[in-house]
Amino acid sequence: MITAVDTSVLLDVFGADPTFGLGSRRLLYSCLNEGQLIACEVVWAEVASFFPSPDAAQDAMDRLGVAYSPLELKTALVASRVWRTYRGRGGQHKRVVADFLIGAHAISQAERLVTRDRGFYRTYFSRLRVLDPSKV
């Protein structure tokens, strides 16, 4: 089982978030026991910005067991299609393309996504299996 991980969940763990940290950590370890954890370059870049150096970020991701999984071309094209749908429905810039890339990565290159942002992903990636650590 391949599980993609969203930025917010990783920051819950790395930042020891008092509200979501423990639940996020438990869900990630559960998913890791069932297979592989992956994150696309968007997530890696967002997470790494919270560390003092790229090496520190990579070390933390490695210790947690999160593998780097770059977007494939077909994945980027899925994201563009869904972004176009969002904009066609009147979506403003409340959502950035990065969110669509993360969702497309999960639906195209994984079997599920761990995120606390269920509503957005359920609306625009309805076939995606979403796991929310705040609901477990």
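The values are calculated or read from the model by the stated rules, or taken from the named source; none is laboratory data. Everything numeric here is computed off the predicted structure, so don't read it as measured data. Please note: Cβ atoms are built from the backbone with ideal geometry, for glycine as well, and neighbour counts cover all protein chains shown.
A count restricted to the stretch 110-136 and to residues that are surrounded by fewer than 18 Cβ atoms within 10 Å (Cβ to Cβ), within 19 Å of Glu46 (Cβ to Cβ) and at pLDDT 95 or above stands at 0. Leu101 - would you say it is within 13 Å of the chain's Cα centre (by Cα) and in a loop (DSSP other than H, G, I, E, B)? For Leu101, the condition - within 13 Å of the chain's Cα centre (by Cα) and in a loop (DSSP other than H, G, I, E, B) - is not met. A count restricted to the stretch 66-94 and to residues that are loosely packed, with under 15 Cβ neighbours inside 10 Å and more than 14 Å from Thr7 (Cα to Cα) stands at 17. Across the stretch 8-44, the number of residues qualifying as within 17 Å of Glu111 (Cβ to Cβ) and among the small types (Gly, Ala, Ser) comes to 3. Selection of the stretch 39-65 for residues being over 22 Å from Met1 (Cβ atoms) and over 14 Å from the mean Cα position of the chain (by Cα) yields Ser49, Phe50, Phe51, Pro52, Ser53, Pro54, Asp55, Ala56, Ala57, Gln58, Asp59, Ala60. Among the residues making up the stretch 38-59, those that are among the small types (Gly, Ala, Ser) and surrounded by fewer than 16 Cβ atoms within 10 Å (Cβ to Cβ) are Ala45, Ser49, Ser53, Ala56.
Residue-wise test of (1) under 20 Å from Ser126 (Cβ atoms); (2) of a type in the set (Ser, Thr, Tyr); (3) in contact with a Phe, Trp or Tyr (Cβ under 7 Å, 6 or more places away or on another chain).
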site: Leu28; (1), (2), (3): no, no, no
site: Leu32; (1), (2), (3): no, no, no
site: Phe51; (1), (2), (3): no, no, no
site: Arg63; (1), (2), (3): no, no, no
site: Trp83; (1), (2), (3): yes, no, yes
site: Arg87; (1), (2), (3): yes, no, no
site: Gly103; (1), (2), (3): yes, no, yes
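Matching residues to (1) farther than 20 Å from Ala48 by Cβ; (2) of a type in the set (A, V, I, L, M):
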site	(1), (2)
Leu64	no, yes
Leu71	no, yes
Val96	no, yes
Asp99	no, no
His105	no, no
Tyr121	yes, no
Phe125	yes, no
Asp132	yes, no
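Here Leu11 does not fit the description of being more than 23 Å from Arg129 (Cβ to Cβ) and either without any contact (Cβ under 8 Å) to a residue 24 or more places away in the chain or among the aliphatic types (A, V, I, L, M) (or both). Of the residues making up the stretch 38-71, those that are free of Cβ contacts under 8 Å to residues at least 40 places away in the same chain and closer than 18 Å to Arg116 by Cβ are Ala39, Phe50. Here Ala104 fits the description: under 15 Å from Glu41 (Cβ atoms) and either surrounded by fewer than 17 Cβ atoms within 10 Å (Cβ to Cβ) or of a type in the set (A, V, I, L, M, F, W, C) (or both). Taking each residue of the stretch 23-35 that is under 14 Å from Lys135 (Cβ atoms) and among the aliphatic types (A, V, I, L, M) and looking for partners that are part of a helix (DSSP H, G or I) and at pLDDT 95 or above with beta-carbon atoms closer than 8 Å, six or more apart or interchain, yields Leu27/Val9.
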